[in-house]
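S.K.: What follows is a structure written as structure tokens; I'll ask about it next.
The values are calculated or read from the model by the stated rules, or taken from the named source; none is laboratory data. As the structure is a prediction and not an experimental result, all values here were calculated from the model. All Cβ positions, even for glycine, are placed from backbone atoms using ideal geometry, and neighbour counts span all protein chains on display.
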Amino acid sequence: MAKEIKLMKGNEAIAEGAIRCGCDGYFGYPITPQSEILEYLTAENPYPKTGMVVLQAESETASINMVYGGAALGKRVMTTSSSPGISLMQEGLSYIAGAELPALVVNVVRGGPGLGTIQPSQADYFQTVKGGGHGDYRLITLAPASVQEMYDFVELGFDLAFKYRNPVMLLSDGVIGQVMEKVEVGEYKPRWTNEYIAKTYPWALVGKPESRGHNIITSLQLDPVVQEKVNHKLQAKYKVCEENEVRYETFQTEDAEILLVAYGSSARICQKVVQLGREAGIKVGLLRPITLWPFPKKPLLELSKQVKSILTVEMSAGQMIEDVKLAVECKVPVQHYGRFGGMIPTPTEIFEVLKTL
Amino acid sequence: MTEEIIIAGFGGQGVLSMGKILAYSGAMQNKEVSWMPSYGPEMRGGTSNVTVIISDERINSPTLNQFDTAIILNQQSMDKFENSVKPGGLLIYDPNGISAHPTRKDISIYQVAGTDKALEIGNARLSNMIMLGGFLKIKPIINPEFLRKGLEKSLPERHHKLIPDNEKAVEVGKEILVPIHVL
């Protein structure tokens, strides 16, 4: 069958990816710069075709709790929002992580803090990979850098969420949400049947058969002995995830003396910087983390033995740089260049910084 | 081949749709494309711009500050983007409403009187396609057959009856192109 290519916005690709991968439910509340996701889903109206529920909830808090409910049934459910809306969802995310439920959350980040600006930003890194909600939990975090990845990572996100019974965050930003690029879309996959869910995910609340007791989904354990066991189980799971799910990409690092580290749209801009640098005879390469948690510590440590300095580029005051420094154990100097509050760094200004290294 | 283009003007002048038609046409012609709009609280009468990249290779940054070509439709955009054209690059502008004309000597500059010509034809909304025609005359990176496919893809079906008028407007743009300073 011929490949089907579409030209679409990153936000639209999220919606199309959800419909085609067999998502069961979307619950969301509009906010710029990701409103096209809900708009597209509403216009496409997948319910008559696939049975996928699309619902505009009354708030972000309601959205994440609808996701909590749907996830408890073993359904593939998701929500999307942008920074201020994601802040409102933190309690729900902590509950979902604590209850060990799979769910997909997309954050198309805008500038903050506060209500901030509707322009692109990457200042929600700390919130995403260092907690956000309360308690010792982790979000598996994917950082798409193209519209194709916005599409692909919806299904990948669901796969990881169910593999680890853990919420997955797709951390995007206003650039990748708004840009239009070509996307190769896949076939329509059917939604899972209740029989399949009952057989494959025995924890799911699918109705109690005679053969077993009640399934209980909860994040509440009043006995601290039990709660500590829950935490040990979570930590063991995160360790497996760190061993198996690190994803990253490198550009021209083979002979690099200077290493750029950037994710998402900043990584796209840095590819241009690598091009400018190479044209000027500077041996520069780029490492792009695709998973922000688990973070690609090992490849960074390896590259730190080869390069003389590292520059992180983020649309923030410098957040991921902390993980880079930890990864390379401060064996080489690590500097940060960033624009924030909705400003996007230009390839030229990063190139100027590169020349001073 | 990589062509990095900024199209800028007032909201309502068809800036984003001109970019979209260009991007769709490029995609139909099997090129890599990227279309990155400014998406601030823009409205009719405010400024609006879009970065379009068409390439034979994988596109790196979708946001840029230097361009091979600038297509400029108002004074504010001229002030903002004249200096963003790469040396040796191309600037095409609609002289309607321009008081401070471009002065650079290291780029090629052309005028296309898109607004006036569109009013003469009797459809002001065709001005963006006239501008696009001017651009395609100098840089024929899109074949006419793929431009038609791009129009079909980017216009909603109820507007497909307008495609011949749009194609004619592109041809008009190619004819009324005025060189101001050519390298």
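S.K.: If I filter the stretch B:142-183 down to residues being in a loop (DSSP other than H, G, I, E, B) and within 16 Å of the chain's Cα centre (by Cα), which single residue comes out as surrounded by the most Cβ atoms within 10 Å (Cβ to Cβ)? Reasoning before the result, please.
M.R.: Restricting attention to the stretch B:142-183, the residues satisfying the condition of being in a loop (DSSP other than H, G, I, E, B) are B:142-143, B:155-156, B:176-177, B:182-183.
Those still in the list that are within 16 Å of the chain's Cα centre (by Cα) too: B:142-143, B:176-177.
Working: B:Ile142: 24, B:Asn143: 13, B:Ile176: 16, B:Leu177: 20.
Of everything passing the filter in the stretch B:142-183, B:Ile142 is surrounded by the most Cβ atoms within 10 Å (Cβ to Cβ).
S.K.: Something else: Among the strands (runs of 3 or more DSSP E) confined wholly to the stretch A:237-313, which include 3 or more residues that are touching a residue at least 60 places away in the same chain (Cβ under 8 Å) and within 30 Å of A:Pro102 (Cβ to Cβ)?
M.R.: Counting at least 3 such residues, we get A:291-293.
S.K.: Taking the options A:Asp223, A:Asp255, name whichever one is within 30 Å of A:Tyr337 (Cα to Cα) and either outside the structural domain of A:Asp323 (by TED's automatic domain parsing) or among the acidic types (Asp, Glu) (or both).
M.R.: Answer to the check: A:Asp255.
S.K.: Taking the stretch A:264-294 only, how many residues are away from chain B (no Cβ under 14 Å) and either under 20 Å from A:Val108 (Cα atoms) or crowded, with 21+ Cβ neighbours inside 10 Å (or both)? Reasoning before the result, please.
M.R.: Start the filter on the stretch A:264-294 by keeping residues that are away from chain B (no Cβ under 14 Å), which leaves A:280-283, A:287, A:289-294.
Cutting the leftovers down to either under 20 Å from A:Val108 (Cα atoms) or crowded, with 21+ Cβ neighbours inside 10 Å (or both) gives us A:287, A:289-294.
Total satisfying the criteria: 7.
S.K.: Kindly indicate whether any position in the stretch A:328-345 is outside any loop (DSSP other than H, G, I, E, B), within 20 Å of the chain's Cα centre (by Cα) and of a type outside the set (D, E, K, R). First the steps, then the outcome.
M.R.: Step one: list which residues in the stretch A:328-345 are outside any loop (DSSP other than H, G, I, E, B), which gives A:334-338.
Still in the running and within 20 Å of the chain's Cα centre (by Cα): none.
No.
S.K.: Something else now. If you scan the stretch B:146-183, which residues turn out to be β-branched (Val, Ile, Thr) and over 17 Å from B:Ile71 (Cβ atoms)?
M.R.: Result: B:Ile163, single match.
S.K.: When only residues in the stretch A:107-118 that are surrounded by fewer than 23 Cβ atoms within 10 Å (Cβ to Cβ) and touching a residue at least 24 places away in the same chain (Cβ under 8 Å) count, which is nearest to A:Ser316 (Cα to Cα)?
M.R.: Only one residue tops the list, namely A:Gly112.
S.K.: Testing B:Gly9 on (1) within 14 Å of chain A (Cβ to nearest Cβ); (2) surrounded by 21 or more Cβ atoms within 10 Å (Cβ to Cβ), one condition comes back false. Which one is that?
M.R.: Going through (1) within 14 Å of chain A (Cβ to nearest Cβ); (2) surrounded by 21 or more Cβ atoms within 10 Å (Cβ to Cβ) one by one, B:Gly9 breaks only (1).
S.K.: Only one of A:Ala103, A:Ala72, A:Ala13, A:Ala18 is within 14 Å of chain B (Cβ to nearest Cβ), out of contact with any His (no Cβ under 9 Å at 6 or more places or on another chain), touching a residue at least 60 places away in the same chain (Cβ under 8 Å) and closer than 16 Å to A:Phe158 by Cα; which? Let's see the steps before the verdict.
M.R.: Values: A:Ala103 fails: within 14 Å of chain B (Cβ to nearest Cβ); A:Ala72 fails: within 14 Å of chain B (Cβ to nearest Cβ); A:Ala18 fails: within 14 Å of chain B (Cβ to nearest Cβ).
After applying the criteria, what remains is A:Ala13.
S.K.: Taking the stretch A:172-215, which residues are in a loop (DSSP other than H, G, I, E, B), within 29 Å of A:Thr291 (Cβ to Cβ) and away from chain B (no Cβ under 14 Å)? Full working, then the answer.
M.R.: We begin by selecting, within the stretch A:172-215, every residue in a loop (DSSP other than H, G, I, E, B); these are A:179, A:186-193, A:201-215.
Add one more test, that the residue is within 29 Å of A:Thr291 (Cβ to Cβ), and what stays is A:179, A:186-192, A:201-204.
The answer is A:Gly186, A:Glu187, A:Tyr188, A:Lys189, A:Pro190, A:Arg191, A:Trp192, A:Tyr201, A:Pro202, A:Trp203, A:Ala204.
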